[in-house]
Amino acid sequence: MAYSIVLGDLGPVMPLTLTDDGTAFTLDAVNDTVTLHYSDPSGVVRQIAVTIVDAPNGACQVAWVDGDLPLVGIYTGQVRVTRAGNTTFPRSFPNDGSFIYWTVQQQIA
């Protein structure tokens with residue numbers, strides 16, 4: 001996934017598709033809580049709620065608010081899904097040992 005945003009901007013949203021062994025991970029829009037846990041370029045760990053947009057296809061998005069992306073640089077993250085009433089959760093994505101990376105670029109005045 002290639003995603004980049006300019007420092008101080010709040011859009012576009014960051015699209016995410018959760019997969020398990022290369023296939024879409026089916027989300028439960030009623031019972032799942034989806035959160036992005038991420039590290040900013042200084043190493044501070046943060047988290048933000050993720051919105052499910054297409055549960056059967058594992059599609060989600062992150063809508064940034066002021067203060068979520070305070071620094072220029074590369075951010076690293078993982079999505080965590082918890083499911084009410086299911087003891088096989090939480091689960092983290094990507095689940096192949098990799099991370100989600102995105103860039104915040106300097107704004108040109």
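None of the figures in this text is laboratory data; all of them are computed from the coordinates on show. Model, not experiment: these values are computed from the prediction. Backbone-built Cβ (ideal geometry, glycine too); neighbour counts: all protein chains shown.
Annotation note: Cβ proximity below 6 Å between a residue of the range 86-109 that is of a type in the set (Lys, Arg) and a residue that is outside any loop (DSSP other than H, G, I, E, B) (sequence gap 6+ or interchain) occurs for Arg91/Val81. So, Asp54, is that one crowded, with 16+ Cβ neighbours inside 10 Å and of a type in the set (Asp, Glu) or not? For Asp54, the condition - crowded, with 16+ Cβ neighbours inside 10 Å and of a type in the set (Asp, Glu) - is not met. The residues on offer are Ile74, Ile52, Ile48, Ile5, and the sole one that is part of a strand (DSSP E or B) and in contact (Cβ under 8 Å) with a residue 60 or more places away in the chain is Ile5. Within the range 8-24, the set of residues being out of contact with any Gly (no Cβ under 6 Å at 6 or more places or on another chain), assigned to a loop (DSSP other than H, G, I, E, B) and touching a residue at least 40 places away in the same chain (Cβ under 8 Å) comprises Gly8, Asp9, Leu10, Gly11, Val13. Asn31 fulfils the conditions (1) under 20 Å from Thr88 (Cα atoms); (2) touching a Leu at 6+ places or on another chain (Cβ under 9 Å) except for a single criterion, (2).
Among residues that are under 28 Å from Asp9 (Cα atoms), out of contact with any strand residue (DSSP E or B) (no Cβ under 6 Å at 6 or more places or on another chain) and surrounded by 13 or more Cβ atoms within 10 Å (Cβ to Cβ), Pro41 is not included. Checked against (1) in contact (Cβ under 8 Å) with a residue 40 or more places away in the chain; (2) in contact with a helix residue (DSSP H, G or I) (Cβ under 9 Å, 6 or more places away or on another chain); (3) among the polar types (S, T, N, Q), Asn57 passes all but a single condition, namely (2). When you scan the range 25-32, do you find a residue that is touching a Ser or Thr at 6+ places or on another chain (Cβ under 8 Å), in contact (Cβ under 8 Å) with a residue 24 or more places away in the chain and under 14 Å from Val81 (Cα atoms), even just one? For the range 25-32, residues touching a Ser or Thr at 6+ places or on another chain (Cβ under 8 Å), in contact (Cβ under 8 Å) with a residue 24 or more places away in the chain and under 14 Å from Val81 (Cα atoms): present. Screening the candidates Thr17, Thr26 for the property of being more than 23 Å from Val72 (Cβ to Cβ) and in contact with a Pro (Cβ under 7 Å, 6 or more places away or on another chain) yields one hit, Thr26.
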